[in-house]
Every structure is written in C-alpha cells, then in structure tokens.
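What follows is calculated from the coordinates using simple rules that are stated; it is not laboratory data. Predicted model, so just to flag it, every value in this text is computed and none were measured. As a convention, Cβ positions derive from the backbone with ideal geometry for all residues, glycine included, and neighbour counts pool all protein chains shown.
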Amino acid sequence: MKTGIKIFLGVVAFIVLMLGLTLGFGWFGVYQTKTVGKAQMNANREVFEQTQSYVEGKRQELSKLHREWIKSDNDGKLAIESTVRFNFASFSEEKYLQDSPDLYNWLRDIKNK
C-alpha cells in the first residue's frame, strides 16, 4: 500500500510541478512581450517608415491633398487641413520633402496653424 501512496503522491507532485512551470513560463512570455516584443515592434515600425514605398505613398497622398486644397472653398480647405494634420502628424517633412519645396512649405504651414 505504501508503494501506491508514493506513486499517487509522485503523480500529484508531477502535475503540480507541470502547472507551476506552465504558469512560470506564461508569465515569462508576458514579460518578454512587454519588453523585448515592444522594442521589436517599434523597430519594425521605424524600418517600415523609412521604406521607399511608405515615403512615396505619403508624398503622393500629400500631393493629392494639396491639389484638392487649392481647388476647394474655405470649408473644404479646413477639412483638408484637418486631414493633413491627422495623417501627417508623425511624418518628418524635413527628412523626406526637402526636394519638393511647395509640398514641404505647405505641410509645415498647415502643421503650424
């Protein structure tokens, strides 16, 4: 009978150990996501924002909005300016629009209003 109790206690101890390890590794995963995972996502975002396709897409969007702004009445201009402020809040015009002075100045004027 003592062997049966030892086996039972061994199985219970094994189950408790496995649950403890699972919980411990789960919390490690949460911690890793909060630290290393966050840093990795920030790095991926930074690389994406420096790609040629992202920059060209932003330039094309800004050029389209600029043409629409020129043709709009006062209410339309206010709506477009609001859209530009929202869509280009984190876009670095100094870095990407130096070769387009019209767009560069227009974007800076709208952001600084």
Members of segment 94-105 found to be of a type outside the set (Ser, Thr, Tyr) and either touching a Leu at 6+ places or on another chain (Cβ under 8 Å) or in contact (Cβ under 8 Å) with a residue 60 or more places away in the chain (or both), listed by number: 97, 103
Residues located in segment 55-88, provided they are in a helix (DSSP H, G or I), touching a residue at least 12 places away in the same chain (Cβ under 8 Å) and of a type outside the set (D, E, K, R): 55, 62, 63, 65, 66, 69, 80, 83, 84, 87
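A quick yes/no check of all residues on (1) in contact with a helix residue (DSSP H, G or I) (Cβ under 8 Å, 6 or more places away or on another chain); (2) of a type in the set (Gly, Ala, Ser); (3) closer than 30 Å to residue 106 by Cα:
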| residue | (1), (2), (3) |
| --- | --- |
| 29 | no, yes, no |
| 37 | no, yes, no |
| 46 | no, no, yes |
| 50 | no, no, yes |
| 54 | yes, no, yes |
Residue 91, sole failed condition from (1) surrounded by 10 or more Cβ atoms within 10 Å (Cβ to Cβ); (2) assigned to a helix (DSSP H, G or I); (3) free of Cβ contacts under 8 Å to residues at least 40 places away in the same chain; (4) of a type outside the set (Asp, Glu): (2)
From the options 46, 56, 68, residue that is surrounded by 11 or more Cβ atoms within 10 Å (Cβ to Cβ) and either farther than 17 Å from residue 99 by Cβ or in contact with a Pro (Cβ under 9 Å, 6 or more places away or on another chain) (or both): 68
